[in-house]
Amino acid sequence: MIRTIPQIGDPVLRVPNRPVTPEELDSPEVQSLIDDMIETMRDAQGAGIAANQVGINLRICVVGVDANERYPYKPNLPLTVLINPIIEILGDDTYLNNEGCLSVPIRGDLPRYMNLKVVALDRLGMGIQQVYRGLSAGTVQHEVDHLDGKLITDRITDSRSLSTWENFRNHQYDQFVERIQPAIDATEPRMEPA
Ligand code: NI
């Protein structure tokens, strides 16, 4: 079921989400929530979604990119459900990304770490350890920010970079893609298009 995505200003986006217990993860309610998050993310053409973006303050997020029309420069990223994710930053490398969000109507420039490791559970409760690099690392940082009650507007460093999607496309897109080419090249994991 496609759920309504709360928009910036809704308190549910500002409350830190709480960890999911093993019993909750086994429950039909949480399994349906995960299905709905995936369906809602795909319907909205997101690269990721967090549980509070469908109104539930649990530490669950989904990432996945598959020929995404909203983000045509993003390499494909396998669909992955992360339960109670913990990020370990690998090294000091950062890049200046430009991000949008399904809960924010504008986009803007913000720094992201280039390399990180995530330790989490999958939706069956099995342990996951995955290294993410480049744009995939940015996507994971964005979703874990949601779980901590943070939005892109908290990290945008230069308010002059704020833009509607249409104006970004018309005035910033080409320069942006050139700027982040190193992060695109570094992106892992990635799937080649089918
Ligand atoms: Ni978002």
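The values are calculated or read from the model by the stated rules, or taken from the named source; none is laboratory data. Owing to the predicted nature of the structure, the values given are computational and were not obtained by experimental measurement. Note: ideal-geometry Cβ built from the backbone for every residue, glycine included; neighbour counts use all protein chains shown. With ligands, DNA and RNA removed, areas are computed over all heavy atoms of the protein, side chains included. Shrake-Rupley method; radii C 1.70, N 1.55, O 1.52, S 1.80 Å.
Note on ILE128 and GLN45: their simple-model spin labels are 2.5 nm apart, each label 7 Å out from Cα toward Cβ. Tilt of helix 28-43 relative to the longest C-alpha principal axis of the chain, in degrees (0 to 90, nearest 10)? Rounded to the nearest ten degrees, it is 20.
Using a 1.4 angstrom probe on heavy atoms only, work out the carbon and sulfur share of the accessible area of the stretch 11-186 in %. Please report the intermediate quantities before stating the final value.
Values: 4040 of 7930 Å².
Looking at the stretch 11-186 in its full context, I get 51 percent from C and S.
Assuming a ≥ b ≥ c are the square roots of the Cα gyration tensor eigenvalues, decide whether the stretch 11-186 counts as rounded (a/c under 1.5), prolate (otherwise, with a/b larger than b/c) or oblate. Verdict is prolate for the stretch 11-186. Using a 10 angstrom cutoff on alpha carbons, build the Gaussian network for the chain and name the most mobile of GLY138, GLY108, GLY91. Maximum among the listed residues: GLY91.
What accessible area per residue comes out for the stretch 1-113, rounded to a whole number of Å², with a 1.4 Å probe?
Numbers: 4950 Å² over 113 residues.
Value returned for the stretch 1-113: 44 Å² of accessible area per residue.
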